[in-house]
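S.K.: Got a structure for you, written out below as structure tokens; questions coming shortly.
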Amino acid sequence: MDQILYEVRGGVAVITLNRPEAANAQTMALLDELDAAWTRAARDEEVRVVVLRANGRHFSAGHDLKDRWPGPEEITLEWIYDAETRRYLEYSLKWRNIPKPTIAAVQGKCIAAGLMLCWPCDLIVAAENAEFSDPVVHMGIGGVEYHGHTWELGPRKAKEILFTGRPLTAHEAEQVGMVNKVVPLDELEEAAGELASRIATMPAFGLRQAKRAVNQTLDVQGFYAALQAVFDVHQTGHGNALSVGGFPILTRLDDMKERIKQG
């Protein structure tokens with residue numbers, strides 16, 4: 001693996017996104033490597049807690065769209081549906097449900113698919129400069145594939161963020177309960193490590209049961225069913241874009257980036 005780094009520190013597995021030159025934009029290979037790292041941490045009996053972090057200025061700029069789709073003649077809605085089911089929805093749900101506590105340490109930009117890396121984690125520690133956004137309505141899509149917005153933000157804040165495409169600051173995210181703690185940037189790694197070490201002293205089976213209890217409660221309330229249903233809504237966005245312009249998104253990337261800069 002080269003796009004993902006993995007190490008174990010005193011019972012804490014640290015998984016690091018390692019494409020700082022590309023703001024940790026997610027290639028298919030990166031996601032496969034990341035899934036292998038999550039699987040490794042889940043199976044290692046010495047690992048009690050998992051921390052997900054990123055090298056560089058930004059946690060993740062989302063999908064690397066240059067890597068995401070095949071040539072125009074090969075793009076079909078069936079291809080998109082199959083690829084996004086496995087690497088986006090199923091991967092994120094799998095990481096959410098590994099039977100160990102998980103912590104995301106987020107700095108800088110966390111855009112669109114970046115949310116699908118931190119939202120599956122049990123806890124989120126954010127640097128003061130962290131910004132969370134899902135601007136894909138610019139592309140004619142109703143939100144990323146793992147549509148946790150309503151659960152993470154509440155319905156009205158979720159609609160505001162999706163309708164406007166504006167980023168949510170770290171402190172705003174803390175106020176709505178999406179982020180557990182906000183710290184200065186230079187204290188992010190230490191804060192996440194201290195939290196992980198404290199949790200690692202608790203009985204492993206008790207932690208596993210506590211996590212399962214909370215996740216099962218959310219699922220009884222409709223979390224799992226809602227994500228499955230909204231994933232299909234997401235695919236209608238790709239279908240509409242294909243029918244209108246022959247490409248899975250409507251907006252040209254340069255236009256979208258300029259709109260994001262302008263807020």
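S.K.: If a residue counts only when it is among the β-branched types (Val, Ile, Thr), which strands (runs of 3 or more DSSP E) contained entirely in region 88-158 have at least 3 such residues?
M.R.: Where strands (runs of 3 or more DSSP E) fall fully within region 88-158 and carry at least 3 residues being among the β-branched types (Val, Ile, Thr), they are 102-106.
S.K.: Looking only at region 17-31, decide whether some residue is more than 30 Å from residue 241 (Cβ to Cβ) and not aliphatic (A, V, I, L, M).
M.R.: yes
S.K.: Now for a separate question. If you take the residues in region 159-172 that are out of contact with any His (no Cβ under 7 Å at 6 or more places or on another chain) and assigned to a loop (DSSP other than H, G, I, E, B), which one is surrounded by the fewest Cβ atoms within 10 Å (Cβ to Cβ)?
M.R.: The qualifying residue surrounded by the fewest Cβ atoms within 10 Å (Cβ to Cβ) is 166.
S.K.: Scan region 1-41 for residues that are small (Gly, Ala, Ser) and out of contact with any helix residue (DSSP H, G or I) (no Cβ under 6 Å at 6 or more places or on another chain) and jot them down.
M.R.: Within region 1-41, 10, 22, 23, 25, 29, 36, 37, 41 meet the criteria.
S.K.: Sticking with this one: From the set of residues in region 228-263 that are at pLDDT 90 or above and of a type in the set (S, T, N, Q), which is surrounded by the most Cβ atoms within 10 Å (Cβ to Cβ)?
M.R.: So the residue we want is 235.
S.K.: Across region 196-213, what is the total count of residues that are part of a helix (DSSP H, G or I) and without any contact (Cβ under 8 Å) to a residue 40 or more places away in the chain?
M.R.: Number of matching residues: 6.
S.K.: Which residue pairs have Cβ atoms closer than 9 Å, lie 6 or more positions apart in sequence or on different chains, and pair a first residue in region 215-243 that is of a type in the set (Val, Ile, Thr) with a second residue that is open to solvent by 60 Å² or more (accessible area, probe 1.4 Å)?
M.R.: Once the first residue is of a type in the set (Val, Ile, Thr) and sits in region 215-243, its partners that are open to solvent by 60 Å² or more (accessible area, probe 1.4 Å) give 230/150.
S.K.: Can residue 18 be described as open to solvent by 20 Å² or more (accessible area, probe 1.4 Å) and modelled with pLDDT of 95 or more?
M.R.: Spelling it out, residue 18 is indeed open to solvent by 20 Å² or more (accessible area, probe 1.4 Å) and modelled with pLDDT of 95 or more.
S.K.: Next up: Working only within region 90-103, note down all residues that are of a type outside the set (Phe, Trp, Tyr) and touching a residue at least 60 places away in the same chain (Cβ under 8 Å).
M.R.: 93, 96, 97, 98, 99, 100, 101, 103
S.K.: Taking into account only those residues within region 173-187 that are aliphatic (A, V, I, L, M) and not in a helix (DSSP H, G or I), which is nearest to residue 230 (Cα to Cα)?
M.R.: Among those that are aliphatic (A, V, I, L, M) and not in a helix (DSSP H, G or I), it is 178.
S.K.: Please go through region 40-77 and pick out each residue that is open to solvent by 20 Å² or more (accessible area, probe 1.4 Å), in a helix (DSSP H, G or I) and modelled with pLDDT of 90 or more.
M.R.: Answer for region 40-77, where residues must be open to solvent by 20 Å² or more (accessible area, probe 1.4 Å), in a helix (DSSP H, G or I) and modelled with pLDDT of 90 or more: 40, 42, 43.
This table checks each residue for (1) among the aromatic types (Phe, Trp, Tyr); (2) at pLDDT below 95; (3) open to solvent by less than 50 Å² (accessible area, probe 1.4 Å).
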site	(1), (2), (3)
92	no, no, yes
112	no, no, yes
115	no, no, yes
119	yes, no, yes
136	no, yes, yes
152	no, no, yes
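The values are calculated or read from the model by the stated rules, or taken from the named source; none is laboratory data. Model, not experiment: these values are computed from the prediction. Every residue, glycine as well, gets a Cβ built from its backbone with ideal geometry; the counts of neighbours run over all protein chains shown. Quick note on the areas: whole protein, heavy atoms, side chains included, nothing else; ligands and nucleic acids left out. Shrake-Rupley method; radii C 1.70, N 1.55, O 1.52, S 1.80 Å.
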